[in-house]
Amino acid sequence: MVTAQKFRPRKAEIVFGPCSAYRRAMTEPDWHALHEAACARGQATYRDPETGYTVFTRVAHLKRGKCCGSACRHCPYGHEAVLPLR
């Protein structure tokens, strides 16, 4: 039996394969590359190209040391302090 997991593209295929921009657009949001680049530079924030909002990076959250409970996009703590919806 073939599982869905078998057909998921590997990271290397998305980034380095033919038509990589098309594949990346189909699998990653526009802000993904901006976030990764900001983290690589050690920056705490980046600007979301779609909304114009300033977004905290994983670097900023790790520096904070715990989940703030705001359901942040890049929370490395699994949103442990976020309250459930009513």
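The values are calculated or read from the model by the stated rules, or taken from the named source; none is laboratory data. Predicted model only: the values in this text are computed from it and were never measured. Glycine also receives a Cβ, built like all others from the backbone with ideal geometry; neighbour counts cover every protein chain displayed.
Scanning region 15-40 for residues that are over 24 Å from Val55 (Cα atoms) and surrounded by 12 or more Cβ atoms within 10 Å (Cβ to Cβ), which turns out modelled with the highest pLDDT?
Across region 15-40, the extreme among qualifying residues is Arg23.
Does region 45-58 hold any residues that are closer than 20 Å to Gly69 by Cβ and surrounded by fewer than 17 Cβ atoms within 10 Å (Cβ to Cβ), and which are they?
Once the filter is applied, which keeps residues that are closer than 20 Å to Gly69 by Cβ and surrounded by fewer than 17 Cβ atoms within 10 Å (Cβ to Cβ), region 45-58 yields Thr45, Tyr53, Thr54.
Could you list all residues from region 66-86 that are surrounded by 12 or more Cβ atoms within 10 Å (Cβ to Cβ) and either in a helix (DSSP H, G or I) or among the basic types (Lys, Arg) (or both)?
Across region 66-86, the qualifying residue is only Arg73.
Consider region 38-65. How many of its residues are among the charged types (D, E, K, R) and either in contact with a Leu (Cβ under 9 Å, 6 or more places away or on another chain) or assigned to a loop (DSSP other than H, G, I, E, B) (or both)?
Selection size over region 38-65: 4.
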